[in-house]
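Undergrad: Let me give you the structure first, and then I'll get to my questions.
The values are calculated or read from the model by the stated rules, or taken from the named source; none is laboratory data. Please read all numbers here as calculations on a predicted model, not as lab measurements. In this analysis, Cβ positions are derived from the backbone assuming ideal geometry, glycine residues included, and neighbour counts consider all displayed protein chains. Keep in mind that these areas ignore ligands, DNA and RNA; they rest on the heavy atoms of the full protein, side chains included. Shrake-Rupley method; radii C 1.70, N 1.55, O 1.52, S 1.80 Å.
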Amino acid sequence: MLRAIFVLVLLLPVLARADYMDHFVIREDVGPHKAPYLGDAKLVLIPVEVKGFPPLGAEALQAFFGPDDPNGFVRYYETASLGRYRPRVVVAPKVTYDTCPLPAAQFPGCAIARGDITALTSGMDMMRDIITRTRDAGFDFTQLDLNGRRGTSDGWADGVMILTNTPFGGLAFPFAFFNRGDNLNGGSGGPLVVQGVKLGHFAIAGEGDRFVMIHEFGHLLGLTDLYDESQRYDGLYLSFMGAWGYDAKVPLPDAETRLRLRWANWHQVQGRQRVRIQPAETTGEVYRLGTGSEYLLIENRGPGAFDRSLSTRGLAVFHVDRTVKLKGDEGAFAERSLDCVECDPFHPYIRLVQADGLYEIEQGRPLYANTDLFHDGRYLRPGFPGNALAQDNLTLDTNRYSGEVTGWLIDDIRLQEDGSFEVTLDAPGEGQCGERLCAEGEGCAPVTCGESTAPRSGCAAMPGPALPAIALLLLEERLRRRHQRRLRGA
Ligand SMILES: [Zn+2]
């Protein structure tokens, strides 16, 4: 009964609270704060060229944002979502500027200068101007409202992306939250309104960098940054919202992100189970040990159309604690940009548990798939009571961050010929099956819980404000460059 009440409370819409990029603390704010992330969606990519900088290359853009490029934007999101999210991108007429649309004094070379408070206002004026020019060029904005919170048209655009050729890292910007000026519809403040369609937030990338756009668009879907902004280490590997080279080797979403997006096939462990975990990219399988806000997630990751930076396949284990800086309060995204969810390497929101127990990522070194993923012979077992992970206590066990023993276990891993892994998992023998992310629909509830699943055959399952804003803008720019330099080995 108590559990029933708990589940009910989890499901109640908390409409008073809603935040941009909150990693689904709130999921009822599709429209005002999030783009729809399930079903068919129509997005626009607006190319913006400033003369004097390298041109964008229209054909390459059409290809990458078209549905047929196996490594492109659309195929990425379709693969990551198991086909549950099916975006189509229309490329708008190119917006051209003879000179940089930003004031030269503050933006020499049309680059974003750091620490300049006027950047916000100028940047918003530029976004408003780009939308105005796109409208005036005859673009039909009404086609962009295919989807919404209930899967149908809701008055909000499904997604707006702006790709420039100027030196600009990347940014996802909640325009409606900050806007105090013209809304292009005779009013002021809030979202821009064009042909009756509300445009609330924009994903922006510079230097024609389409890979950065995959990440920035993830923010529009509701995701927060998962790289480290404190510069202590790289942050979360194996996630397109985290640490990667922002190059063609795009990582899939981490297991927690896929679970929250309802793109996972979620298996909740109850009692001791021998299971076979199939590749994440074809089955979306995520095994979860534990309930509530702190738990372990296990998935099978390896090189394929995406995740090509991985040298080998293995089980990725994530220790998740959703009490780390995720609040859901309106505007709290700005706080998270200053004090990020991954900033403490030894207790972030999502930590990749490295099989070798050397804690190299936490100490600023990169991911090594052959020793950091879990393979045959590796395991993760309960620790001693009170044994808590800390910088001076690098312990490898399944205890909570508090040191409390959980009883969770990952053991006896066996790679199979088809690329799946057989593994023994253990979790408490009861009370694990009641949690839901949402009331109904795909990905809301575990597809299995606690049954002793005999290993299946090799065939894959069918897939079913001003100052913090500036900081946000500048951090994104700085960090993307840092990761790019580091991970490209430049
Ligand atoms: Zn970001």
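Undergrad: Would you mind telling me which numbered condition in (1) open to solvent by less than 10 Å² (accessible area, probe 1.4 Å); (2) within 16 Å of the ligand (Cβ to nearest atom) GLY200 fails?
TA: Evaluating GLY200 over (1) open to solvent by less than 10 Å² (accessible area, probe 1.4 Å); (2) within 16 Å of the ligand (Cβ to nearest atom) leaves (2) as the failure.
Undergrad: Have a look at LEU61, LEU45, LEU102 and point out the one that is open to solvent by less than 30 Å² (accessible area, probe 1.4 Å), on the phi < 0 side of the Ramachandran plot and in a loop (DSSP other than H, G, I, E, B).
TA: Details: LEU61 fails: in a loop (DSSP other than H, G, I, E, B); LEU45 fails: in a loop (DSSP other than H, G, I, E, B).
Only one candidate qualifies: LEU102.
Undergrad: What's the number of the only condition in (1) under 25 Å from the mean Cα position of the chain (by Cα); (2) of a type outside the set (Ser, Thr, Tyr); (3) farther than 24 Å from GLY66 by Cα; (4) at pLDDT 95 or above that VAL193 fails to meet?
TA: (1)
Undergrad: For the structure I just gave you, tell me whether GLY429 is open to solvent by 30 Å² or more (accessible area, probe 1.4 Å), farther than 28 Å from ILE214 by Cβ and modelled with pLDDT of 95 or more. Explain how you work it out, then say what you get.
TA: Numbers: open to solvent by 30 Å² or more (accessible area, probe 1.4 Å): yes; farther than 28 Å from ILE214 by Cβ: yes; modelled with pLDDT of 95 or more: yes.
Judged against the criteria, GLY429 is a match.
Undergrad: Continuing with this model, one more query. Being open to solvent by 30 Å² or more (accessible area, probe 1.4 Å) and modelled with pLDDT under 95 is the filter here; which residues of the stretch 114-130 pass it?
TA: ARG114, GLY115, ASP116, ILE117, THR118, THR121, ASP125, MET126
Undergrad: Can I ask one more? Which of the residues that make up the stretch 391-428 are β-branched (Val, Ile, Thr) and not in a strand (DSSP E or B)? It would help to see each step written out before you state the result.
TA: Looking only at the stretch 391-428, we keep the residues that are β-branched (Val, Ile, Thr), and these are 395, 398, 405-406, 410, 413, 423-424.
Within the stretch 391-428, THR395, THR398, VAL405, THR406 qualify.
Undergrad: If you scan the stretch 155-171, which residues turn out to be part of a loop (DSSP other than H, G, I, E, B) and more than 16 Å from the ligand (Cβ to nearest atom)?
TA: First pass over the stretch 155-171, keeping only residues part of a loop (DSSP other than H, G, I, E, B): 155, 157-159, 165-169.
Matches in the stretch 155-171: GLY155, ALA157, ASP158, ASN165, THR166, PRO167.
Undergrad: Here is a follow-up. Only one residue in PRO366, PRO382 is open to solvent by 10 Å² or more (accessible area, probe 1.4 Å), in contact with a strand residue (DSSP E or B) (Cβ under 8 Å, 6 or more places away or on another chain) and assigned to a loop (DSSP other than H, G, I, E, B). Which one?
TA: Details: PRO366 fails: in contact with a strand residue (DSSP E or B) (Cβ under 8 Å, 6 or more places away or on another chain).
Criteria check complete, one pass: PRO382.
Undergrad: Taking the stretch 326-347 as the region of interest, how many residues are closer than 18 Å to TYR233 by Cα and open to solvent by 20 Å² or more (accessible area, probe 1.4 Å)?
TA: As a first pass, look at the stretch 326-347 and keep what is closer than 18 Å to TYR233 by Cα: 336-347.
Then drop every residue that is not open to solvent by 20 Å² or more (accessible area, probe 1.4 Å), which leaves 338-339, 344, 347.
Of the residues in the stretch 326-347, 4 are closer than 18 Å to TYR233 by Cα and open to solvent by 20 Å² or more (accessible area, probe 1.4 Å).
Undergrad: In the stretch 223-263, which residues are over 18 Å from ASP321 (Cα atoms) and hydrophobic (A, V, I, L, M, F, W, C)?
TA: Of everything in the stretch 223-263, those that are over 18 Å from ASP321 (Cα atoms) and hydrophobic (A, V, I, L, M, F, W, C) turn out to be PHE240, ALA243, TRP244, ALA248, VAL250, LEU252, TRP263.
Undergrad: I've got another one for you. Suppose the filter is under 29 Å from GLY441 (Cα atoms), hydroxyl-bearing (Ser, Thr, Tyr), within 16 Å of the ligand (Cβ to nearest atom) and at pLDDT 95 or above; does THR283 pass it? Outline the logic, then answer.
TA: Details: under 29 Å from GLY441 (Cα atoms): yes; hydroxyl-bearing (Ser, Thr, Tyr): yes; within 16 Å of the ligand (Cβ to nearest atom): no; at pLDDT 95 or above: yes.
So THR283 fails the test.
Undergrad: A further question follows. Considering only the stretch 131-143, I want to know if a residue exists there that is under 28 Å from the mean Cα position of the chain (by Cα), more than 16 Å from the ligand (Cβ to nearest atom), modelled with pLDDT of 95 or more and open to solvent by 10 Å² or more (accessible area, probe 1.4 Å).
TA: yes
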